[in-house]
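To keep things clear, I will list the structure first and then write my remarks on it.
The values are calculated or read from the model by the stated rules, or taken from the named source; none is laboratory data. The model shown is predicted, which means the values in this text are computed figures rather than measured ones. Here the Cβ positions follow ideal geometry from the backbone for every residue, glycine too, while neighbour counts run over all protein chains shown.
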Amino acid sequence: ILDRGIRGLVIENATNQVEGPVPNGAGFKVRAASGISLAALARRLSFAGYSGLDWACGIPGTLGGAAVYNVGAYGSSLVDVLKGVRLVDAENGVVEMQPEDLALGYRSSAFTRGALKDHVVLSVDLALQKGDRGELRARVRELDARRLAAQPRGRNAGSMFKNPAEHPAWWLVDQVGLRGHRIGKAEISQQHTNFFLNLGGAKAVDVLALMELARSRVRERFGIELENEVAMAGEP
């Protein structure tokens, strides 16, 4: 959210209903409300012995947001288990769409490209498999440990830039000498250079300045244009 905030009404989606898992063909179907925490849902299903979403056990944000951005980690993404979505808009009311209707790509979809910008995600259908509870719990613990070792604690928005095809974004930012660089109260993490930290009292303008500095240096040295993974909203 930019420094002058959002002019208008902001509605927090706190829906958290979950239906299933219920048998569906060779696997199981889960329908979950779009406002539920993705990480909480992933843990709940993994600990109950359903596989397919364990990679999301530490990803912040809601399930609806995950569908909009096709979030992913550790070589998996939501499209791998997505069965469908229920949407609503003022013109057509409630509609159901299949994954192929959403044009899902790397951290992108028909939503992010503007084709569905006036639609709101109501719920998401997932296709899961039955797994071994013990193995899934161990997998979640392993991913938790990997995340704690690789990603900084503290206030941040997660990965700032998408990974270009040539190199990971963190490597590019590190190579241009910006590890630990600060502007105001915002800092590029010493631990992981694709995470930008609020050290306390940082303004959006500080973070934006760091982002532009990283983009310009990477562009000048490597000829690569870093693309935002974090969405911006509000007035600067």
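Could you tell me whether any residue of segment 127-143 is buried (at least 17 other Cβ atoms within 10 Å of the Cβ), among the basic types (Lys, Arg) and touching a residue at least 40 places away in the same chain (Cβ under 8 Å)? Yes.
Among residues belonging to segment 79-101 that are in contact with a helix residue (DSSP H, G or I) (Cβ under 8 Å, 6 or more places away or on another chain) and touching a residue at least 24 places away in the same chain (Cβ under 8 Å), point out the one that is farthest from residue 27 (Cα to Cα).
Here the answer is 85.
Taken across segment 68-78, residues that are surrounded by 17 or more Cβ atoms within 10 Å (Cβ to Cβ), in contact (Cβ under 8 Å) with a residue 40 or more places away in the chain and within 30 Å of residue 202 (Cα to Cα) do occur, with at least one present.
Would you check if residue 202 is over 22 Å from residue 147 (Cβ atoms) and of a type in the set (A, V, I, L, M)?
Here the answer is yes, as residue 202 does meet what is asked.
Here residue 154 meets the list (1) in contact (Cβ under 8 Å) with a residue 24 or more places away in the chain; (2) within 18 Å of residue 73 (Cβ to Cβ); (3) of a type in the set (Gly, Ala, Ser) almost entirely, failing just condition (2). For segment 43-84, taking the residues that are of a type in the set (Ser, Thr, Tyr) and in a helix (DSSP H, G or I), the one that is nearest to residue 163 (Cα to Cα) is identified as 69. Has segment 158-167 got any residue that is more than 29 Å from residue 113 (Cβ to Cβ) and surrounded by 18 or more Cβ atoms within 10 Å (Cβ to Cβ)? The answer is no, given that none of the residues of segment 158-167 is more than 29 Å from residue 113 (Cβ to Cβ) and surrounded by 18 or more Cβ atoms within 10 Å (Cβ to Cβ).
Is it the case that residue 202 is in contact with a Lys or Arg (Cβ under 6 Å, 6 or more places away or on another chain), farther than 28 Å from residue 102 by Cβ and of a type in the set (Gly, Ala, Ser)? Here the answer is yes, as residue 202 does meet what is asked. When each of 178, 122 is tested for being closer than 28 Å to residue 21 by Cα and touching a Leu at 6+ places or on another chain (Cβ under 9 Å), the lone residue that passes is 122. Out of segment 16-47, which residues are closer than 10 Å to residue 128 by Cβ and among the hydrophobic types (A, V, I, L, M, F, W, C)? Selection gives 28, 30, 45.
Considering only residues that are within 23 Å of the chain's Cα centre (by Cα) and of a type in the set (Gly, Ala, Ser), look in segment 183-225 and name the one that is surrounded by the fewest Cβ atoms within 10 Å (Cβ to Cβ). This residue is 209. Taking segment 168-182 as the range and being buried (at least 18 other Cβ atoms within 10 Å of the Cβ) and closer than 9 Å to residue 218 by Cα as the test, the residues that pass are 172, 173, 176. Checked against the criteria, residue 22 counts as assigned to a strand (DSSP E or B), in the same structural domain as residue 128 (by TED's automatic domain parsing), over 16 Å from residue 99 (Cα atoms) and not polar (S, T, N, Q). Here residue 3 fulfils each of the conditions (1) touching a strand residue (DSSP E or B) at 6+ places or on another chain (Cβ under 8 Å); (2) modelled with pLDDT under 95 apart from (1).
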